[in-house]
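Colleague: I am attaching a structure below and will ask some questions about it afterwards.
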Amino acid sequence: MTRPDLIVIGAGPAGMAGATMAAQQGMSVLVLDEQPAPGGQIFRNLGASSTQQRQMLGPDYTAGQMLLDGLAAAPLTLISGAVVWDVDQERTVTYSKDGKAYRVKANYLLLSTGAMERPVPLPGWTLPGVMTAGAAQILMKTSGLLAKDAVLAGSGPLLYLVAVQMLRAGTPPKALVETQTPANYRAVLHHAGGALRGWKALAKGARMLRELRRASAPRYTAARDLAITGDTAASGLRFTAKGQVHHLECATVLLHQGVVPNTQITRALRLDHQWHAGQRCFHPVLSPWGQSSHSQIYVAGDGAAIAGAKAAEHAGQCAAADILRCAGRITAAQRDTLAASAKRNLAGEQALRPFLDALYAPPAAILRPPDAVTVCRCEEVSAGDIRAYARLGCKGPSQTKAFGRAGMGPCQGRTCGLTVTEVLAQATGLSPQDTGYFKIRAPLKPVTLGEVAALHSPAPQQPEGQDP
Amino acid sequence: MFERIGHSATAQVRFTFNGETVIGNAGDSLAAALLAAGHKVFRDTPTTAAPRGPFCMMGSCFDCLVVVDGETVQACQTPAQVGLVVTSPPVPRAQP
């Protein structure tokens, strides 16, 4: 496949659904995915999971089987273990697999690179033993590993889900420390639009909480001033709740404050982005069908704005249908028919979001942490350092690199980007939109000089067993 | 502290980390195998020599960097394989 009609980057729910539809409609489709098997983070390792893992992870996880089956049956090419490190405006995609780099070009791109966890900067968050709740879930999915006596801290549906999954596996969390306040609950009352679905989601959350209560996992709410204690590794979590200071001893702290779009590729492509005030993050500007500011580049799923796995699947299908129309393979009317149910379901899922965004809104102290807190983990730049750069005249995130290397380490600003924007915006009085974000450049992942030097353009190698 | 659920007949993979033998399961990433074996510090930072271990497990944070065959890699994105020699990246000496 030297020049496919469509390259899909990322085989999570959006990528799998979009690639499957486009291939079924006759397009030649190449799917590039970083993981050893398709599924994305949500359905990670589903195809190879044990019965025990499936029981522990529950129906939200096994629901992905239909997407995996659809992808496997579709006439397309899937290359797993492909790390994409450059994408340009001409829709040339450069990726590495097994230490070799390849280049492939398509008429259309569907970027479905999903989400990553929102950074949770608080004192001690760089200590070994502190991980994200999502990281703990990945360890369950891929290796059946359970954190023992862990404290889960933060806010968001994933926090409850991971707690319940740990419980079902027989290793309940030592405690659940929630940062949500009564103000979060009051805020959701303003979102009548998505309320019905919202309350359903809340009921699901309440069921999980009941399950946790039965297991007598201690729960603290409206917690603030969270700090991880320990010298060379985490030894506990300190926080204030109901006016009382608590210190829970634990070697593992799992943090979570929701997820945000992974915009590395859309940023590198210089697509238009805008600030989402409700979700406190940037996302690419898209048409209702997922078309970006570049007419042949589409974005679908949580990489477009956080809406969850079900929405991602529908958004992937909507994008595929519009790509088919854009390519002249179907008319606009045919597109509307093809994507009718996906469009309807997507709207329903999206209606729920403002409700969840308000309910699980991250606290201000996490978005704009106190001076002493490390913001850039790679280069060890604190919030106070960034405020000092602002006083010296630093206006935008890209300038903070020159002032003090924030965002210049190996993660290329993935983990500190949003915090740098928020802290600078607060210091300068500019809006996050006007403050902007780091300028992202290829290579998006570290590659060796050898890979770059040996870059050759002939067809990529045949993938494992899925070439038609 | 991590423990593995179930005792499936998964093949074991033996490799070394900083000279110590580590036994993981086939299908583990290096990060998962090391965490399961009780290693939580993977490296010290080049800036202040602060200890670090895995944080995101999805290839995004780059905190789990280790060296395999002379190349610095993300332990969470690298499959554990028999015979690998894995070490912590060296900490550059502070500039005088």
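Computed from the coordinates by the stated procedures, all read-outs in this text should not be read as laboratory data. Keep in mind the model is a prediction, meaning the values are calculated, not measured. FYI the Cβ positions are ideal-geometry reconstructions off the backbone, even for glycines, and counts take in every protein chain you see.
Colleague: Taking 0.36 nm per residue of sequence separation and subtracting the Cα-Cα distance, how much length would be gained by fully extending the chain between A:Gln334 and A:Arg213, in nm to one decimal?
Modeller: 38.5 nm
Colleague: How many nm separate the modelled label positions at A:Asp88 and A:Ala233, each set 7 Å beyond the Cα in the direction of the Cβ?
Modeller: In this crude spin-label approximation the distance works out to 4.7 nm.
Colleague: Let me ask something additional. I need the shape label for the protein assembly as shown. Rule: rounded when a/c is under 1.5, else prolate if a/b > b/c, else oblate, with a, b, c from the alpha carbon gyration tensor.
Modeller: rounded
Colleague: When you look at the Cβ of every residue in B:61-68, what mean number of other chain Cβ atoms sits within 10 Å?
Modeller: Across the residues of B:61-68, the mean count of other-chain Cβ atoms within 10 Å is 5.
Colleague: Continuing with this model, one more query. Have a look at the DSSP beta bridges in chain A and tell me what percent are antiparallel, nearest 5.
Modeller: Around 50 percent of the beta bridges assigned by DSSP in chain A are antiparallel ones.
Colleague: Under the definition of partner shielding as Cβ atoms of other protein chains within 10 Å of a residue Cβ, what is the mean value for peptide A:441-450?
Modeller: 1
Colleague: How well do other chains shield peptide A:128-140, expressed as the mean number of their Cβ atoms within 10 Å of each residue Cβ?
Modeller: Per residue, the number of nearby Cβ atoms from other chains is 6 on average.
Colleague: How much length, in nm to one decimal, is gained on full extension between A:Leu392 and A:Thr51, taken as 0.36 nm per residue of separation minus their Cα-Cα distance?
Modeller: 117.0 nm
Colleague: With r as the distance between the Cβ atoms of A:Arg3 and A:Ala222 and R0 = 60 Å, compute the FRET efficiency 1/(1 + (r/R0)^6) and round to 0.05.
Modeller: Efficiency for this residue pair is about 0.60.
Colleague: How big is the range B:12-85 on each of its three principal axes, counting only the C-alpha atoms and giving the largest first in Å?
Modeller: Over the range B:12-85, Cα extents along the principal axes are 35, 25, 23 Å.
Colleague: Count the net charge of all other residues whose Cβ sits under 15 Å from the Cβ of A:Tyr220, scoring Lys and Arg as +1 and Asp and Glu as -1.
Modeller: Net of charged neighbours comes to +3.
Colleague: So, counting K/R as plus one and D/E as minus one, what does the shell of residues with Cβ under 11 Å around A:Leu109 add up to?
Modeller: Taking every other residue near A:Leu109 into account, the sum is -1.
Colleague: Taking chain A as a whole, which cysteines find no other cysteine Cβ under 4.7 angstrom from their Cβ?
Modeller: If one checks each Cβ against the other cysteines of chain A, A:Cys250, A:Cys281, A:Cys318, A:Cys326, A:Cys378, A:Cys394, A:Cys411 turn up with nothing under 4.7 Å.
Colleague: Please state the shape class of the range A:134-195: rounded when a/c is under 1.5, otherwise prolate if a/b exceeds b/c and oblate if not, all from the C-alpha gyration tensor.
Modeller: Prolate, since a/c reaches 1.5 and a/b exceeds b/c.
Colleague: Modelled label-to-label distance, A:Arg344 and A:Lys148, 7 Å Cα→beta-carbon offset: nm?
Modeller: About 5.2 nm separates the two model spin labels.
Colleague: Shape verdict for the range A:130-257, please, from the Cα gyration tensor: rounded (a/c under 1.5), prolate (a/b greater than b/c) or oblate.
Modeller: oblate
Colleague: Run the reach check for B:Lys40 against lysines, Cα to Cα strictly under 18 Å, same-chain hits fewer than 8 apart removed. What comes back?
Modeller: A:Lys148
Colleague: If you don't mind, there's one more thing I want to ask. Relative contact order for the range B:12-85: what percent, with Cα pairs under 8 Å and sequence separation of 6 or more?
Modeller: For the range B:12-85, the relative contact order is 37 percent.
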